[in-house]
Structure formats: structure tokens, C-alpha cells
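Coordinate-derived values only; no laboratory data. What you are looking at is a predicted structure, and each value in this text was computed from that prediction instead of being measured. Cβ sites come from the backbone with ideal geometry, for glycine too, and all protein chains shown count toward neighbours.
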Amino acid sequence: MGEVLSQNEIDSLLQALSSGELDAEDINSIDERSAKSYDFRRPAKFSKEHLRTLEIIFEHYGRLLSTNLPVYLRKNIQVSVVNSEACTFSEFSTALANPVLLAVVNFDPLGGNVLLEIAANLGYAIIDRMLGGQGNPLDKSRDFSEIERSIIDKIITVCVQLLREPWKNVTEINPYLERVETNPQFAQIIAPSEMIAIVTINVKIGDVEGLMNVCLPYFTLESVMDKLNTKYWFANMKDNSGEEFGEHIETVIRKIHMPIRAVLGKSTITVSDFVNLQLGDIIKLGSKVDSQLDIFVGNIQKFKALPGTSRDGYAVRVTEVLREEERQ
């Protein structure tokens, strides 16, 4: 509804029209400029508020990626959200390159699927790192082999599982990877005219940089659209940020691998003796057979233990846990 004018404003407007200070055609032109055309073939199902909330969700997702993926790739990873937009699925699929990595993700219990598009150069860099290389992409793009797809499936599965945490403030989901396609024609999950939201994420693995696009169909998010607003998201984050965040940190820490070594004893020999060591030679250690061994976690002495065997291997049995003041 337009603004209601007072009687004095109406009188002033009529006086301006009669005196020629204001032209009626100017009023019509103003109305024409303020009117906007609406394309009913592309209804605006995603508002700016929806897109902004999706950006916040995937900023959280980006932080999880940069924390968890280095465990598998042993490389520094930087992740940031670039932008978000709404378009039709046909516009998204037409812009896809070939080959491309398209992960079809089931967003259970929400209906439909979500697509994760990963740039080919990122895929080649991930494969190179998983096979012990430096993480360099290929100079010339080519199709992914079956072995390469099997390797990268493991990393994509980790990425899919990390989606659960950022969406907790909106709804509980149990996403799982259905399949990975390298040809866009085999990833037609919805009708071409359906509206989708695209969140573009920039991923940098070492010196290799590429984009990851998350395609979120309206059909999949329709049941939770009323929760995709920043007020609802931050309210839930405030309620769940304490205990659940602590549990998440504990879960991440428990996945870290720590080297443990048991020191049988120490000895000092000359360089010449070391060079002339032969099979069967005996080196005398500075500890007795029944003495306790020092157990190190990383470089910190943490336990005392007695040596022994377990089945066909050597083992130690922890006899004492050292407190900080007791460590040597």
C-alpha cells in the first residue's frame, strides 16, 4: 500500500500542478521507473536472506574442511566462501566443464539430492597427494580413471560427512555420497527449469587453487526454507554452541594419530664400531632386563612400562602414568 497523503500535501500537489511547477508526465515517468518486471518462468524462490544464511552455513563448513582435510592430504588447506546466487538448474549444468567431479549427495531426511562440483585441478591435486606426490595438478585435463575415482571417493566421502555439523542449527541431516559423476549429462538430478541456490567456495590446497560449487535445489530445501534466516540460525547456534561444540572438538582430537615409542635402553659406541657392526653383534644397553622402560608420546615421556610379547609381536605393559613434575 502506498503512503497516504495529508490534506495539506494534496493541496500543495494540486497547486504545483496548476502553476506548472510539476508536470503530470514526470509523475508517470517516476512510476514507470519504480515498477519492475517479474519473470514468472523464474520465480524468486530464494531471497537474499536465504542466500546469506546459506553463506553462513558454508563458512562454517569451510572451517571444518580446512581443519579436517589436512589430516588426509598432509597439506595446508585454505577455504573461503566466494558468493551465493540463485538460478535455474539448466544454467548451472550448461556452465559445467567436461570432465568434472560431480558428487551426488543424498540429503536424508530432506527430499532430493545436492550436488558438489569440484574443479578438475583440485581433483588431480588430491589424487597426487594421496599417492605420495607433491599435490601438483595435470598440465592437460583428461578423464579420471576408475582407480583415480576410487581414491578421490574417499576424500569426497569425508567432505560429505562434514556437512552434518554446519546444518545442525537448521535441521538434523544424515548426508551420504550416492555416486560421483565426471560427465554432467549423468547428474541431472532435477528438471532444467527448477530453481537452485549455488554457493561458491574457493579451495586452496598448497599452491593449487580451485572452486567448489554446492548446488542446492529448492525442492530439497523447501521444507526448511522458513528456518533459513539469520535470526533463527544464530538463535540455535547460541543454544547449541556450548556442549555440542566441545563434543565436536573432542571428536576431532580423538582422530589425531600420535607416535608412541618405547626406549629399551641407551648406549654409546665409537663411529668405527658403528661402521663395523655385523649381524649377530651385541650392543650392551644401560638398563637391566627387568627394569621399566620409558614410553614417549611424541617427544614427551608419559608412561613407564615392562617389556613383553603379545601373540607374535613385541609389546609393553603400562605400569605407571607420569605426572608433569615426575617427567625427566
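In whole angstrom, how far apart do the alpha carbon centroids of region 250-266 and region 187-224 sit?
If you average the Cα positions of each part, the centres end up 39 Å apart.
For Val82 paired with Leu322, estimate the spin-label separation in nm (one decimal), with each label point 7 Å from Cα along the Cα-to-Cβ line.
Between Val82 and Leu322, the label points sit 5.1 nm apart.
How far is it, in nm, from the label point at Phe296 to the one at Ile260 when both lie 7 Å from their Cα along the line to the Cβ?
Label at Phe296, label at Ile260, 1.6 nm between them.
Sorting check: for 288-295, 256-263, which peptide has the highest mean count of neighbouring beta carbons within 10 Å, and how do the rest follow?
Order by mean packing, descending: 288-295, 256-263.
Among Tyr72, Tyr124, which comes first, second and so on when ranked by fewest other beta-carbon atoms within 10 Å?
Details: Tyr72 14, Tyr124 24.
The most exposed by this proxy come first: Tyr72, Tyr124.
What does the extension gain come out to for Thr157 and Ile269, with contour length at 0.36 nm per residue minus their alpha carbon separation? List each step's numbers first, then the result.
Numbers: separation 112, 0.36 × 112 = 40.32 nm, distance 5.12 nm.
The Thr157-Ile269 span can extend by a further 35.2 nm.
So if each residue of separation counts as 0.36 nm, and I subtract the Cα-Cα distance between Leu13 and Arg311, what length gain in nm does that give?
Residue separation times 0.36 nm, minus the Cα-Cα distance, leaves 97.3 nm.
Please give the contour-minus-distance gain from Glu91 to Asn276: 0.36 nm per residue of separation, less the Cα-Cα distance, rounded to one decimal in nm.
59.4 nm
Ranking Lys154, Lys140, Lys284 by Cβ neighbours within 10 Å, fewest first, what do you get?
With the sparsest Cβ surroundings first, the list reads Lys140, Lys284, Lys154.
As a quick test, which of the pairs Lys266/Lys288; Lys45/Lys168; Lys75/Lys140; Lys48/Lys204; Lys204/Lys255 have an alpha carbon distance above 20 angstrom in this structure? The partial results should precede the final answer.
Details: Lys266/Lys288 11 Å; Lys45/Lys168 23 Å; Lys75/Lys140 23 Å; Lys48/Lys204 27 Å; Lys204/Lys255 23 Å.
Too far apart for the 20 Å limit: Lys45/Lys168; Lys75/Lys140; Lys48/Lys204; Lys204/Lys255.
By count of other Cβ within 10 Å, fewest leading, how are Phe58, Phe89 ordered? Let's see the in-between values first.
Details: Phe58 25, Phe89 22.
Going from sparsest to densest Cβ surroundings: Phe89, Phe58.
Using a simple spin-label model with points 7 Å from Cα along the Cα→Cβ vector, what separation in nm is obtained for Ser150 and Tyr176?
It works out to 2.1 nm between the two label points.
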